[in-house]
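In what follows, a structure is listed as structure tokens, so that the remarks can point back to it.
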Amino acid sequence: MKSIGVTALITLLAYIIFISLAFWCIQELHIERYIPMRARQGKLLIILLSILLGYNASEFFMSLIDNIRNLIFLVK
């Protein structure tokens, strides 16, 4: 039961870290120069893109780590 809690905590931290990293990177692109939009729409677009990219990157790395851990069963 404790390992499930630790896994959930690591997953949530990975989501937060990757979404924050994606938000930081997307802000530097200055999307508003390329797409004419209002201020609120632009901010919402940046937030949604950050969530999309951060979640997908986090899922990729969590899946990669899980698959590397499962390679042990191939050897046994």
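Readers should treat all values here as calculations from the given coordinates under stated rules, not as data from a laboratory. Given the structure is predicted, the values throughout are model-derived calculations rather than measurements. No Cβ is skipped: glycine too gets one built from the backbone with ideal geometry, and neighbour counts run over all protein chains shown.
At most 16 other Cβ atoms within 10 Å and a DSSP loop assignment: could you name the chymotrypsin sites (Phe, Trp or Tyr not before Pro) in region 10-76 that fit?
Here the chymotrypsin sites (Phe, Trp or Tyr not before Pro) that fit, given the DSSP loop and packing criteria, are Tyr34.
So for the pair Ile35, Ile4, with labels modelled 7 Å out along Cα→Cβ, what separation do we get in nm?
Once both label points are built, they end up 3.9 nm from each other.
Would you mind working out the magnitude of the charge dipole of the chain relative to its Cα centre, with +1 at each Lys and Arg C-beta and -1 at each Asp and Glu C-beta, to the nearest 20 Debye?
Magnitude of the dipole: close to 120 debye.
For region 1-67, state which trypsin sites (Lys or Arg not before Pro) are in a DSSP loop and have at most 13 other beta carbons lying within 10 Å of their beta carbon.
Taking region 1-67 and a limit of 13 other Cβ atoms within 10 Å, the loop trypsin sites (Lys or Arg not before Pro) found are Arg38.
On full extension of the chain, what length is gained from Met62 through Leu12, given 0.36 nm per residue of separation minus the C-alpha to C-alpha distance?
The span from Met62 to Leu12 would gain 16.9 nm if fully extended.
Among Leu52, Ser3, Val75, whose Cα projects farthest towards the positive end of the dipole of the chain, with charges put on the beta-carbon of Lys, Arg (+1) and Asp, Glu (-1)?
Comparing the listed Cα positions along the dipole, Ser3 ranks first.
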